[in-house]
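The values are calculated or read from the model by the stated rules, or taken from the named source; none is laboratory data. On a predicted model such as this, the values are computed, not experimentally measured, just so you know. Here the Cβ positions follow ideal geometry from the backbone for every residue, glycine too, while neighbour counts run over all protein chains shown. All accessible areas refer to the heavy atoms of the entire protein, side chains included, with ligands and DNA or RNA removed. Shrake-Rupley method; radii C 1.70, N 1.55, O 1.52, S 1.80 Å.
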Amino acid sequence: MRTDSSPGTLPAREHLPAGDAGTPVLDVVIPVYNEEKDLQPCVLRLHEHLERTFPYAFRITIADNASTDTTPLVSRRLEAEIPEVRAFRLEQKGRGRALRTVWSASDAPVLAYMDVDLSTDLNALLPLVAPLISGHSDLAIGSRLARSSRVVRGPKREFISRAYNLILRGSLQARFSDAQCGFKAIRRDVAQVLLPLVEDTGWFFDTEMLVIAERAGLRIHEVPVDWVDDPNSTVHIVKTATEDLKGVWRVGKALAGGSLPLDRITRPFGDDPRDREIQDVPKGLARQLVGFCVVGGLSTLFYLVLYSAFRQFGGSQIANALALLVSAVANTAANRRLTFGVRGRGGAVRHQAQGLVVFGIGLALTSGSLAALNAASNDPAHSTELAVLIAANLAATVLRFLLFRAWVFPDREDDQPRTDQPRTDHPRTDHPQSTVVATHTTAAPQQSSAPQQSYGPLPQRPTPPQTPRYATTPYSTPSPYDTTEFRAGEAAEQRTWKDATMRLDPVRPTDTDPRNS
């Protein structure tokens with residue numbers, strides 16, 4: 001597996017080295033809004049579980065997004081009492097906004113989040129983040145719809161969840177099973193490039209992030225979870241479902257139009273079998289043959305329908321020429337997008353012009369076949385004409401595929417030298433078979449112009465003390481550890497995403513902390 005990288009490119013996926021260091025390995029974010037009752041039990045329970053089972057250093061970050069109750073006081077008190085807890089406050093609502101802001105500022109190599117109700121069994125946390133630490137995967141999600149998951153919830157939520165995931169599979173071709181489970185993790189190097197592409201700041205944030213990651217070829221690991229529904233959940237199901245459907249439409253439109261710059265993150269994180277050269281085996285041939293056959297079958301049916309319609313108003317030669325012309329334009333457009341995966345409008349006119357040349361060859365074959373039939377019989381039956389045309393079209397189809405593959409839509413990467421170093425140039429972005437490792441100039445500002453730094457060794461967590469450390473102080477107790485407030489709209493030196501949430505400064509081991517003095 002490649003682990004080298006050049007300046008300005010994404011690092012290859014690699015196992016985080018074990019050892020001692022000052023930065024936490026895992027940063028678990030808990031986004032909250034008016035959760036004064038559930039926040040303290042959640043943090044205490046999560047901290048106890050991590051301290052007892054997680055072998056590396058960790059951090060728990062409370063992301064308070066515009067709470068109006070005493071949630072900020074609870075956050076400050078927990079931060080003052082527990083060294084591993086940090087509290088941040090944002091002045092705008094939105095779970096997605098809170099996650100993106102805190103994740104973008106974190107210095108931990110593995111970032112996770114979970115809902116404050118802790119509906120998911122915490123025993124799934126270590127299996128969730130282990131593939132990210134090992135370098136096996138780029139993202140990890142908990143799934144309530146896996147066969148081995150054990151879920152307790154009402155029929156209404158069960159129906160909505162399954163219906164929503166069916167919509168994702170049918171409209172966005174999503175292959176992950178559960179987009180809405182509040183139990184996910186991502187590697188920081190992946191998040192730095194992926195998060196700027198995610199527009200949503202609410203509940204659709206998870207789905208959009210997963211769809212973009214999957215379309216870009218990143219690996220998503222799914223963990224079956226045990227999940228118990230929270231009957232006191234404050235999520236508005238109807239409003240959330242409506243916003244999610246709007247998000248599905250927006251993302252689907254962006255994918256169909258090719259406006260999402262997926263080339264920024266397409267397969268940059270390590271070795272991929274599709275990047276390997278195998279002698280005497282054309283790349284993507286099997287997939288292209290299947291796609292071409294499907295498109296060809298539909299095009300043939302379309303052609304026969306057009307021929308039968310045009311035959312009612314003219315001779316066989318005119319009907320054949322018109323039907324073949326219309327079906328050839330549709331066939332070239334369909335093969336361009338579906339068979340050879342060319343996206344965007346670049347080169348579309350040239351491809352259609354070349355397709356018309358291929359059409360001319362097909363026209364010569366089919367017209368010659370009709371001329372030979374008419375020479376052999378003065379008045380051939382319509383069924384005989386169709387049979388001859390089908391045979392001629394089969395021969396033309398084989399020739400069309402060869403010309404499409406070798407001339408109209410060639411694999412330009414085959415003519416370029418390969419090196420062991422990741423490529424930093426920009427091959428044609430409308431061709432998915434090109435391995436693209438582009439510079440991520442729109443990622444986090446601190447990462448855009450400097451080489452990526454490899455992670456230090458994994459910090460080993462010290463042995464936990466035997467005595468409890470949680471003091472029972474009232475909410476009104478003043479604390480010197482105030483949460484940091486961030487207001488949307490404040491000036492930032494560089495813009496990394498479409499909303500105006502200000503970027504948080506990461507917590508570094510060298511920062512002065514009064515609790516350690």
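Some values worked out for this structure:
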read-out: Filtered residue count, region 203-218, keeping only those that are under 20 Å from residue 98 (Cα atoms) and either of a type in the set (Ser, Thr, Tyr) or open to solvent by 20 Å² or more (accessible area, probe 1.4 Å) (or both); value: 2
read-out: Given (1) surrounded by 17 or more Cβ atoms within 10 Å (Cβ to Cβ); (2) hydrophobic (A, V, I, L, M, F, W, C); (3) part of a helix (DSSP H, G or I); (4) more than 17 Å from the chain's Cα centre (by Cα), index of the condition residue 193 fails; value: (4)
read-out: Selection count where residues are within 15 Å of residue 252 (Cα to Cα), in a helix (DSSP H, G or I) and either without any contact (Cβ under 8 Å) to a residue 12 or more places away in the chain or not hydroxyl-bearing (Ser, Thr, Tyr) (or both), scope region 159-190; value: 7
read-out: In region 382-413, the residues that are exposed (fewer than 12 other Cβ atoms within 10 Å of the Cβ) and touching a residue at least 12 places away in the same chain (Cβ under 8 Å); value: 382, 407
